[in-house]
Amino acid sequence: DHPKYAFNYGVADHSTGDVKSQHETRDGDVVKGQYSLVEPDGSVRTVDYTADPINGFNAVVSKTAPLVHAHAPVVKHVVPAVKAVHHHVPAAPLVQKVVYAHEPLGK
């Protein structure tokens with residue numbers, strides 16, 4: 001027999017963070033597909049794959065930067081009360097916010 005099928009599915013449960021999808025086609029001995037999922041850090045892992053009797057199984061894995069932007073932590077600098085006015089008070093440490101750009105899934 002000549003196997004032939006196509007399927008796809010997806011889950012998008014944003015309350016638990018379970019976000020994934022897959023699609024696949026088969027025509028005889030040639031299979032092509034892709035699946036993707038959101039990693040715990042918010043990045044998206046995508047796997048494009050093919051399989052055939054000549055080349056075997058081949059997969060290309062790509063990953064985007066996290067989709068969730070990290071918020072800079074709140075840093076409080078407590079200065080003790082002093083009686084003399086000439087004491088040096090160190091400045092609060094610098095806090096940088098890191099923002100990741102989201103790449104399109106097609107890359």
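The values are calculated or read from the model by the stated rules, or taken from the named source; none is laboratory data. Remember, it's a predicted structure, so these values are computed and weren't measured experimentally. Don't worry about glycine lacking a Cβ; one is built from the backbone with ideal geometry, like all the others, and counts go over all protein chains shown. Areas reflect the complete protein model, heavy atoms only, side chains present, ligands, DNA and RNA absent. Shrake-Rupley method; radii C 1.70, N 1.55, O 1.52, S 1.80 Å.
Key figures
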item	result
Scan of the stretch 29-42 for residues that are over 13 Å from Val61 (Cα atoms) and under 9 Å from the mean Cα position of the chain (by Cα), ordered by number	Val38, Glu39, Pro40, Asp41, Gly42
Residues satisfying the stated conditions in the stretch 56-80, i.e. at pLDDT 95 or above and in a loop (DSSP other than H, G, I, E, B)	none
Among residues of the stretch 46-55, those that are open to solvent by less than 80 Å² (accessible area, probe 1.4 Å) and either assigned to a loop (DSSP other than H, G, I, E, B) or free of Cβ contacts under 8 Å to residues at least 40 places away in the same chain (or both), counted	6
Filtered residues of the stretch 1-45 (kept if touching a residue at least 24 places away in the same chain (Cβ under 8 Å), farther than 19 Å from Pro66 by Cα and small (Gly, Ala, Ser))	Gly28
Qualifying positions in the stretch 31-44 - open to solvent by 60 Å² or more (accessible area, probe 1.4 Å) and modelled with pLDDT of 95 or more	Lys32, Tyr35
